[in-house]
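The values are calculated or read from the model by the stated rules, or taken from the named source; none is laboratory data. These figures come from a predicted structure and were not determined experimentally. Here the Cβ positions follow ideal geometry from the backbone for every residue, glycine too, while neighbour counts run over all protein chains shown. Ligands, DNA and RNA are stripped out before the accessible areas are found, and what is left, the full protein with its side chains, is counted by its heavy atoms. Shrake-Rupley method; radii C 1.70, N 1.55, O 1.52, S 1.80 Å.
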Amino acid sequence: MAVYRPCLTGRRHMVSAGHYSAAHAAFQILEAGGNAIDAGVAAGIALGVLQTDRVNFAGVAPIMIWLAGERRVVNIDGLGTWPLAASIDAFRRDHGGAMPPGILRTVMPAAPAAWLKALAEHGTMSFGEVAQSAIRLAREGFAMHGFMADYIREHEAVYRRWPASAAVFLPGGRPPRAGENFVQRDLAASLQYMADEETAHRGKGRSAGLRAARDAFYRGDIARKIAHYHRENGGWVTLADLAEFDVRVEPTVRTLVRGLEVHACGPWSQGPVLPQALNILAGFDLKAMGHNSVAYVHHVVEALKLAFADRHRYYGDPRFVDVPLEVLLSSGYAASRGKLVRAGEAWAEMPPAGDVSGHARATPPPAAARGEPAPLADTSYACVVDADGNGFSTTPSDGSSATPVIPGTGLCPSSRGTQSWTDPAHPAALAPGKRPRLTPNPALVLKDGRLYMPFGSPGNDIQPQAMLQVFLNVALWDMDPQAAVEAPRFATYSFPSSSEPHAYHPGRLNLESRFERAVVDGLAALGHKVAPWREIEWRAGAVCAIRVNAETGFLEGGADPRRPCYALGV
């Protein structure tokens, strides 16, 4: 298959990230002697500067880490909880069950705590060291890239709703143009304040410095500005909420496919969709169907629909919801679900969820939405592998258009509450102290007890779909990571969206225009409501991956050209 870019290789270390300058920030840390965790945090913080339309330093940042020396996977949720004052009744009473844009969507900003926990427990460098590139890029600016410029231009009216947001994202009273210098001075000052507090306490040791950086955000001036804004504008977040919050280390979910151990995030996210779909597909001879043939696309899509039906029925914060993961990930359950894949006919809607003993009937999906699925400001991604074999995989997120910039901070505290539901019967229903069901879900793969491939993607509900296709391209079709991420892609929308307003497009299947006409027609004949995408479509996800080639010893980096992703390695 012809590719747009070569697969990059290196022997020492490698990074692949959603923006080229974030990849460079991580690479500089590796070259300076930092490990994969230091470098991954540097990339993640930089993405919160370089892609503030889609990633916020005060947003979410789920992280998955492979510790080579301990042969252990660590998963930090990087996800905030609803404030204690949050009320599902308020949305139902005052907004007809909808969740309007603004600060009432705010959950605890979790990314800073996630970055600092990763550094404190598994890194070697200070916050100030790994945040240095991000601070410089925010203070001095960077060349506005077309992907972000387009988004801000298309959402100009949205940014004008809040003066502090307009001041940042509409400098000079208009959207910034591609190639213009884009500066975020308040954001730089917030990051620098954390670094300065760390420096002031470093005499007591590295851990004390990192705690001081954390306190600067969750107990210091930043927290006070966030809480004050909420108090003055009818929000729910308080100083006590911020001071008492912490991220959680969670177990991964995993499955074994063709000798590869796939680790995904738990049901507090949509992470289990990936292993569930892989388990269902294990019952079919995909190889015999041919890559991206009618039969192949059909079976992958139908397996995804079944996994998404279970997501809608069962997934939620396991501290509040009984999620039958052991059953959902069992081979027997996958085999029973696979019987619902009909070779000659597509499900015209979301299939029924699986029947797990002891669980009540599912919440019905919302009414079918009209028109095109709305493109959402979603997410970014970064992964790193270092010379010692450690791996880092993260999907930082939370944009700047659904909630205001807090004046004087340059920050938009996480609006991830939009991925909760206001139906009390739904497993992902809003509740005080509960986590929304998160779409960002980094993953990594092991082989023979060693790191094989960290990978992930932005894309909201498209994330596990893009990740599944790329994984199969590598594991089943023997593609290198770059060819795997560039291969033509498809996505189903035949399930309720994770994000408000939870739009549902029964039977909808989008395909990039590189698919042959016969494949498009064949899928339509099976009952899929086929819709076209461009040749290379940003809404199809933007997967980054690094494969450790055991035969050659090289690291192989793939970076998706659908967005400004780049890989670097030596």
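What about ARG547, is it basic (Lys, Arg), at pLDDT 95 or above and open to solvent by less than 70 Å² (accessible area, probe 1.4 Å)?
On the way: basic (Lys, Arg): yes; at pLDDT 95 or above: yes; open to solvent by less than 70 Å² (accessible area, probe 1.4 Å): yes.
Yes.
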Say whether the condition of being over 17 Å from PRO272 (Cα atoms), in contact with a strand residue (DSSP E or B) (Cβ under 6 Å, 6 or more places away or on another chain) and either in contact (Cβ under 8 Å) with a residue 24 or more places away in the chain or not basic (Lys, Arg) (or both) is met by at least one residue in segment 340-355. no
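Of all residues in segment 410-432, count the ones that are small (Gly, Ala, Ser) and more than 30 Å from SER190 (Cβ to Cβ).
So the answer is 3.
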What is the one condition in (1) closer than 30 Å to ASN473 by Cβ; (2) open to solvent by 20 Å² or more (accessible area, probe 1.4 Å); (3) out of contact with any strand residue (DSSP E or B) (no Cβ under 9 Å at 6 or more places or on another chain) that ARG214 does not satisfy? (1)
Could you grab the pairs with beta carbons closer than 9 Å, sequence gap of 6+ or different chains, first residue in segment 510-536 and more than 9 Å from PHE490 (Cβ to Cβ), second one at pLDDT below 95 and open to solvent by less than 20 Å² (accessible area, probe 1.4 Å)? ALA531/PRO373
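To keep it simple, each residue is scored yes or no on (1) of a type outside the set (A, V, I, L, M, F, W, C); (2) open to solvent by 60 Å² or more (accessible area, probe 1.4 Å); (3) assigned to a loop (DSSP other than H, G, I, E, B).
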| residue | (1), (2), (3) |
| --- | --- |
| ARG311 | yes, no, no |
| ASP322 | yes, yes, yes |
| TYR333 | yes, no, no |
| ARG342 | yes, yes, yes |
| MET350 | no, no, yes |
| HIS359 | yes, no, yes |
Qualifying positions in segment 387-428 - open to solvent by less than 10 Å² (accessible area, probe 1.4 Å) and either over 14 Å from GLY80 (Cβ atoms) or of a type in the set (Phe, Trp, Tyr) (or both): GLY391, PHE392, SER393, THR394, THR395, SER400, PRO404, VAL405, ILE406, THR409, HIS426, ALA428
Residue by residue through segment 402-419, note down the ones that are more than 12 Å from the chain's Cα centre (by Cα), at pLDDT 95 or above and not β-branched (Val, Ile, Thr). PRO404, PRO407, GLY408, GLY410, LEU411, CYS412, PRO413, SER414, SER415, GLY417, GLN419
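Quick grid of which residues meet (1) open to solvent by 10 Å² or more (accessible area, probe 1.4 Å); (2) closer than 29 Å to PRO404 by Cα; (3) assigned to a helix (DSSP H, G or I); (4) small (Gly, Ala, Ser):
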| position | (1), (2), (3), (4) |
| --- | --- |
| LYS225 | yes, yes, yes, no |
| ALA243 | yes, yes, yes, yes |
| VAL262 | no, no, no, no |
| LEU274 | no, no, yes, no |
| GLU302 | no, no, yes, no |
| LYS305 | no, no, yes, no |
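I'd like to know if segment 463-475 contains one or more residues that are at pLDDT 95 or above, in a helix (DSSP H, G or I) and more than 20 Å from ALA559 (Cβ to Cβ). So that I can check it myself, show each step before the final result.
Quick first cut of segment 463-475, residues at pLDDT 95 or above only: 463-475.
Of the ones still in play, those that are also in a helix (DSSP H, G or I) are 463-475.
Of the ones still in play, those that are also more than 20 Å from ALA559 (Cβ to Cβ) are none.
Checked against the condition, which is being at pLDDT 95 or above, in a helix (DSSP H, G or I) and more than 20 Å from ALA559 (Cβ to Cβ), segment 463-475 yields no hits at all.
Quickly run through segment 477-492 and pick out the residues that are open to solvent by 10 Å² or more (accessible area, probe 1.4 Å) and out of contact with any Phe, Trp or Tyr (no Cβ under 8 Å at 6 or more places or on another chain).
Initial filter on segment 477-492 (open to solvent by 10 Å² or more (accessible area, probe 1.4 Å)): 477-480, 483, 488.
TRP477, ASP478, MET479, ASP480, ALA483 - these are the residues of segment 477-492 that are open to solvent by 10 Å² or more (accessible area, probe 1.4 Å) and out of contact with any Phe, Trp or Tyr (no Cβ under 8 Å at 6 or more places or on another chain).
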Scan segment 279-298 and give yes if some residue there is closer than 29 Å to PRO424 by Cα and without any contact (Cβ under 8 Å) to a residue 40 or more places away in the chain, otherwise no. no
When residues of segment 213-250 are filtered for being under 16 Å from LEU187 (Cα atoms) and touching a Gly at 6+ places or on another chain (Cβ under 7 Å), how many remain? 1
Residues of segment 490-536 being under 18 Å from the mean Cα position of the chain (by Cα) and part of a loop (DSSP other than H, G, I, E, B), in sequence order, are TYR493, SER497, SER498, SER499, GLU500, HIS502
When restricted to SER331, SER269, the only residue touching a Leu at 6+ places or on another chain (Cβ under 9 Å), of a type in the set (S, T, N, Q) and at negative phi is SER269
Of the listed residues (GLY172, GLY203, GLY179), the one being open to solvent by 30 Å² or more (accessible area, probe 1.4 Å) and not in a helix (DSSP H, G or I) is GLY179
Six or more apart or on different chains, Cβ under 9 Å: which pairs go from a residue in segment 89-113 that's part of a helix (DSSP H, G or I) to one that's buried (at least 23 other Cβ atoms within 10 Å of the Cβ) and of a type in the set (Phe, Trp, Tyr)? Could you list them? ALA111/PHE57; PRO112/PHE57; PRO112/PHE217; ALA113/PHE217
